[in-house]
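Beneath this line is the structure, given in C-alpha cells, with notes to follow.
No value in this document is a laboratory result; all are computed from the given coordinates. Just so it is clear, the structure is predicted and the values come from calculations on it, not from any experiment. Here the Cβ is made from the backbone with ideal geometry for all residues, glycine too, and neighbour counts use every protein chain on show.
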Amino acid sequence: MISLGCETPKIALPLAEVVKINCTYNSYKDVAMFWTQNENNAIISMLDGNMTIYNNSADFDELREFIRLISPLSVFSDTETMGRLFQNSFHRVCVMKSEHRFECDLHSDSLNSGEIYKLLDVDGLELPPYEHFAVDFCHRLNHGHLKYFALNNKCAAVAISDGQAVLLNGIASHQKGMGSVALCGVLAGIDLPCLAVCEENITPFYLKNNFSHVYDAGYWRKTT
C-alpha cells in the first residue's frame, strides 16, 4: 500500500534519487508531498509535479497505477525502476560519483540568482524558467541547503546536499578549462560523497575530474 505521510524516512545512501528526496524534504517539507510503499519498499517525493522514486523492492504494479492516478509532470529514478515503469519511454542519464577531496585556491564571486542563471543558461543544461529557478535557488541557499561557486563571465556550479552526500545540480563553463575550476570550487572542502547526473557524452569530463560511473538513472516527462 502506498501511503501519504508528513515525513519521509531518512535513507543514508549516496544515490542521486535519495539525495533528491532528502533535499526536497529538508527544504520543502511543508509544501512537497511524500509517500511510502509498505515497509519502505519505495519512497516517493513530489514537488511542483516533479516526482522522484527510491526503489527498495517496490511493488511495480501498484506503483504504475499510482503514477497513472497522480499524473506527475516528470519522474526520476534508477534505470531498473524506470524500465519497469515506462519500458523504453524515458531518457537515460549517467550517475557519477567521487569521494575525492577537492581543493580550489580561488574564491567565488558573490553573484545574485539572475547572474548565476545567466551563467548556467548554456546548451545542454536544461533549466526551469528563471522565476522558478530564482525562488528555489534563494530558498535553498538561505536555508543552508545549497552551495554555489561562480566566476563572472567564466563559469558557475551549483550543488545541493542532504548532509550525507552532495549532488551537483548544474555546472557550466564559458572558457576552456573553467568547468573543472567550477567543479573543484563548489566541492572544495566537502568531506562527503559527491554525485553528478549527466548525459553519457559528458562522462569524460567527470572521469578526468576524479569521478567514476556508478549506475544509470532516467527521466520520464509527461507529453501533451
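Here are a few things to note about the model shown:
- Residues Met33, Met46, sorted so that the one with the fewest Cβ neighbours within 10 Å comes first: Met33, Met46
- Largest GNM mean-square fluctuation among Asn209, Asn55, Asn153, using the chain with Cα springs under 10 Å: Asn153.
- Pairs with C-alpha atoms separated by more than 21 Å, drawn from the list Lys20/Lys118; Lys29/Lys97; Lys20/Lys222; Lys20/Lys147, are Lys20/Lys118; Lys29/Lys97.
- Three-way shape label, the range 51-123, alpha-carbon gyration tensor, a/c 1.5: prolate
- Relative to the current alpha-carbon distance between His91 and Val214, full extension at 0.36 nm per residue lengthens the span by 42.5 nm.
- Estimated Rh, the chain: Kirkwood, alpha-carbon pairs, angstrom: 18.0 Å
- Isotropically averaged projected area of the range 100-192, using the convex hull of Cα atoms (one quarter of hull area), nm²: 5.9 nm²
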